[in-house]
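Bear in mind that the values in this text are calculations on the coordinates, not laboratory data. All figures in this text were calculated on a predicted structure; none of them were measured in a lab. Cβ atoms come from the backbone with ideal geometry, glycine included; neighbour counts cover every protein chain shown.
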Amino acid sequence: MSHISLYRKYRPDSFDKVIGQSHIVRTLVNQINSGNISHAYLFTGTRGTGKTTVARIFARAINCESPVNGSPCGRCETCLQLQNPGNMDILEIDAASNSTVDEIRDLREKVKYPPVSGKYKVYIIDEVHMLSQSAFNALLKTLEEPPSHVVFILATTDVHKLPQTILSRCMRFDFKLLSVGEIAGNLKRIFDDIGRKYSEEAINLIATSAEGSVRDSLSVADMCVAYCGDYIGYDDVLEVLGASDPHAVIGLAAAVIGRDVQKTLTIIDNLAGYGKNIAVLDKDVATAVRNALFIKNCSNAAEVLKLPKDIFDKLAEIASSADNDRLLYVLDSFNGLSGELRFSTQPRIMFEATAVRACCDYGTSELENRVRRLEAAIGGGATAKPVNAPQKKNERLEVVPEVLWDNCRTEIVGKEKCFTLGIAMNKYSTISAEGNVFKVTFPNEADAAIVRIFANAALIENKLATLSGEKYKLSVCVEKASADDVVSRLKNVFGDDFKITK
């Protein structure tokens, strides 16, 4: 006999075996017991949460001669006939491969024929969002007023793609993602049934990797059974999932949080050298930082995460070495990269850049620089009136040049997306405002030249006027370097032996 995968072998055949969807099961069982069967149902939710399974159970239950607690008895003549794959009373249609209007018109012609053995003829249309617009239009009238012996069950993962005219004619049920505990409990029952031993950490890792999908968890479990043999351990599951070595991942997370750029790039190079997928590595690092954040803030972290003790202890060290703000910044950096990696032709470079950026924490350092400049300006006696302070006629507001310039640069980078100009503006050495002339001095010609470009200068003057209420003429200057400065810079490049000869 050929092998049957676990998700097929352990597919529920009654409502009491369905896990995690009690709100849906209870409603359907009450309808079956009362005999109040609707003509159209819509099952929506993420893959692997039980939509098609519940639809099949419900289709057999409403035809069963003597349902047991709302589930099909499996022993009556009707149930036995419906178990035959060739029965004509429960028809499953894949909308992905039957999406044209002609196929829906053919369905409309067949619904008029009564069921062969049961009370209802049930049409289960899977992935119904794949139907074309004309097919939806053809289905609409039949769905609104079908024959009394017909029940439609529509299943989809993308409910937002369905027309409102279809949604308003169905009784909608939203299937939720299952918790890690619910999936772990189901895995334990299955492993016990097939005679496989396992560790709690391994079960929890499989359940976590499934991300709420029962079918995904059983697919991973099937691979683990084939790979591991009689005992399913934590390290074996990591190999099956293709995940990175957790100790290396934790080391990488610790290096980033500790702002150690050299160690960060070294670990990335080692992991990439083993052929680890960069997208998976990014996800693993984000998960490690998330776990550290959980450990730092939750007293029951060990019970919830169920990680091996050595891994938990290392994450606890990371949690104790950084505050919540730092952990959140690193987590946001790696978590926000997952979408971009999907379309990148150079994922490793993007990942390395993100890791180094997280090490350097540019966002915080830039804010600190601006605060220091503001403090220096205020310490020098400069003041600015509050924004809401009343202004007398013909009175000119006092302006702090450094603050106005920084606000102008923030607008240019944030709203105008002129990043090159923003970088050049940030490299000024002195700023002053004399009358209607706004004078900015740069230490080198390269940055000054970027700011001097006509379009850039016009943009800056416009922003200065908007922010201050005064029209300024921008004056860009370059510091004059003395002969000693020139020699010093040349020696830095060529060494102390450098000499100028006439």
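Relative contact order for the chain: 10 percent, from Cα pairs under 8 Å spaced at least 6 residues apart, divided by residue count. Give the calculated FRET efficiency between LEU167 and CYS298 to the nearest 0.05, with a Förster radius of 41 Å applied to their Cβ-Cβ distance. According to the calculation, E is roughly 0.55. Listed values for the range 344-359 are Karplus-derived 3J(HN,Hα) couplings in whole Hz (6.51 cos²θ - 1.76 cosθ + 1.60, θ = phi - 60°), namely 8, 8, 9, x, 5, 5, 4, 5, 4, 4, 5, 5, 5, 4, 5, 5, and x replaces Gly and Pro. Between amide H atoms placed 1.01 Å from N, distances below 5 Å from MET171 occur with ALA40, TYR41, LEU42, all of them 5 or more places distant or on a separate chain. Distance check, please: which entries in LYS51/LYS161; LYS176/LYS309; LYS439/LYS463; LYS263/LYS283 exceed 21 angstrom between their Cα atoms? Pairs exceeding 21 Å: LYS176/LYS309.
For the chain, pairs of C-alpha atoms spaced more than 46 angstrom apart make up 42 percent of the total.
Amide H contacts for ILE90 (H built 1.01 Å from N in the peptide plane; partners 5 or more residues away or on another chain; cut-off under 5 Å): VAL122. Against the chain, whose longest principal axis comes from its Cα atoms, helix 51-61 is set at around 20 degrees.
In terms of the Cα gyration tensor, with a ≥ b ≥ c the square roots of its eigenvalues, is the range 138-270 rounded because a/c is under 1.5, prolate because a/b exceeds b/c, or oblate? Taking the square roots of the gyration eigenvalues as a ≥ b ≥ c, the range 138-270 is oblate. Answer rounded, prolate or oblate for the range 87-131, using the Cα gyration tensor with square roots of eigenvalues a ≥ b ≥ c: rounded when a/c is under 1.5, else prolate when a/b is larger than b/c, else oblate. Since a/c reaches 1.5 but b/c is at least a/b, the shape of the range 87-131 is classed as oblate.
In this simple spin-label approximation, ASP325 and LYS480 carry label points 7 Å from Cα along the Cα→Cβ vector, and these lie 4.4 nm apart. Whole-Hz Karplus values for the range 276-281 come out as 5, 5, 5, 5, 5, 4 Hz, taken residue by residue from phi with 6.51 cos²θ - 1.76 cosθ + 1.60 and θ = phi - 60°; glycine and proline positions read x. Please determine, in degrees from 0 to 90 and to the nearest 10, the orientation of helix 246-257 with respect to the longest principal axis defined by the Cα atoms of the chain, where the helix direction is its Cα long axis. For helix 246-257, the angle is close to 30 degrees.
Positive-end ranking of ILE93, CYS79, VAL68 along the dipole of the range 44-121, with charges on Cβ about the Cα centre, is headed by VAL68.
If the chain linking GLN346 and THR266 were pulled fully straight, counting 0.36 nm for each residue of separation and taking away their Cα-Cα distance, it would gain 27.0 nm.
Computed from Cα atoms, the angle from the helix 401-414 axis to the main principal axis of the chain rounds to 30 degrees. With a ≥ b ≥ c taken as the square roots of the eigenvalues of the C-alpha gyration tensor of the range 216-339, please select rounded if a/c is under 1.5 and otherwise prolate if a/b is larger than b/c or oblate if it is not? Because a/c hits 1.5 or more and a/b fails to exceed b/c, the range 216-339 counts as oblate. Residues in the range 34-58, backbone N under 18 Å from the label point at ARG189 (7 Å along the Cα-to-beta-carbon vector): list them, ranges by number please. Counting backbone N atoms under 18 Å from the label point, the list is 48-58. Label positions at ASP16 and LYS471, each projected 7 Å from the Cα along the C-beta direction, are separated by 8.6 nm. Net charge dipole, the chain: roughly 1180 debye, given to the nearest 20, about the Cα centre with Cβ charges of +1 for Lys and Arg and -1 for Asp and Glu.
Remark: the range 159-172, residue by residue, has Karplus-estimated 3J(HN,Hα) of 5, 5, 8, 7, x, 4, 5, 7, 4, 6, 9, 10, 8, 9 Hz, where x stands for each Gly or Pro and the curve is 6.51 cos²θ - 1.76 cosθ + 1.60 at θ = phi - 60°. Measuring nothing but how far apart in sequence close Cα pairs (under 8 Å, 6+ apart) lie, relative to its length, the range 1-146 scores a relative contact order of 21 percent. Between THR430 and GLU144, the contour length at 0.36 nm per residue exceeds the Cα-Cα span by 95.5 nm. In the chain, helical runs assigned H by DSSP with n ≥ 4 each contribute -39500 (n - 2.57); averaged across all residues and rounded to the nearest 500, the mean residue ellipticity at 222 nm is -16500 deg cm²/dmol. The amide H of VAL68, built 1.01 Å from its N in the peptide plane, has CYS73 as neighbours under 5 Å, considering only residues 5 or more places off or on other chains.
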